Each structure stands twice: as C-alpha cells, then as structure tokens.
1. Between GLU32 and ALA69, what length comes free when the chain is fully extended (0.36 nm per residue of separation minus the Cα-Cα distance, one decimal in nm)?
2. How large is the helix-only mean residue ellipticity at 222 nm for the chain, computed as the sum of -39500 (n - 2.57) over DSSP H runs with n ≥ 4, divided by its residue count, in deg cm²/dmol to the nearest 500?
3. Report the percentage of all Cα-Cα pairs in the chain whose separation exceeds 17 Å, rounded to a whole percent.
4. Can you pull the one-decimal nm distance between simple spin-label points at PHE5 and ALA50, each 7 Å off the Cα toward Cβ?
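Where a number appears in this text, it was derived from the coordinates with a stated rule and is not lab data. Computed from a predicted structure; not experimentally measured. Here Cβ is always computed from backbone atoms with ideal geometry, including for glycine, and neighbour counts include all displayed protein chains.
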Amino acid sequence: PLVLFASTVTGMMGALFGGPAGAFLAAAIGAEFGKAVSKETKVDIIVTPAVTLIMGMLGAKLFGPAVGALMAGLG
C-alpha cells in the first residue's frame with residue numbers, strides 16, 4: 001500500500017512532463033524501486049514512500065519529456 005499511494009504522486013508528476021505515457025513510465029519506475037526496498041528496514045514506513053517518490057519523480061523528470069515527444073511524433 002505504501003508503494004501504491006506514492007505511485008499516484010509519481011504518476012501525476014509523469015503526466016505533467018510526459019503526458020499519459022510519461023505518467024505510466026514514472027509510476028512504473030517508482031513502483032519497481034519502491035517494491036525493491038519494501039519490507040527491508042525497520043523504518044519501512046518512511047523509506048519505502050521516499051524511495052518511490054524520489055525515483056519516480058527522477059524518472060518523470062529525465063524520461064518524461066522524451067516519451068511525450070515520442071508519443072506526439074507518433075501521432
């Protein structure tokens with residue numbers, strides 16, 4: 001649940017930079033990294049959403065504009 005709720009924010013950030021495809025990509029990147037650290041530490045309630053948000057937003061910022069341009073170019 002922590003990864004899921006944090007992925008909604010990363011999807012919103014991806015939609016801002018790359019449209020619908022950027023939203024999917026940012027949410028997927030954040031969710032994968034979030035699931036990787038989930039249930040690994042005692043402070044999981046802080047670490048899991050933080051990693052999900054940071055990686056998802058980084059993915060949105062880096063890959064979102066390229067994905068948005070690619071989708072616009074495809075029609």
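1. Details: separation 37, 0.36 × 37 = 13.32 nm, distance 2.39 nm.
Contour length minus the Cα-Cα distance gives 10.9 nm.
2. On the way: 2 runs with 67 residues, N = 75.
One gets -32500 deg cm²/dmol as the mean residue ellipticity at 222 nm.
3. Values: 1068 of 2775 pairs.
In whole percent, the long-distance tail amounts to 38.
4. Result: 1.7 nm between the two label points.
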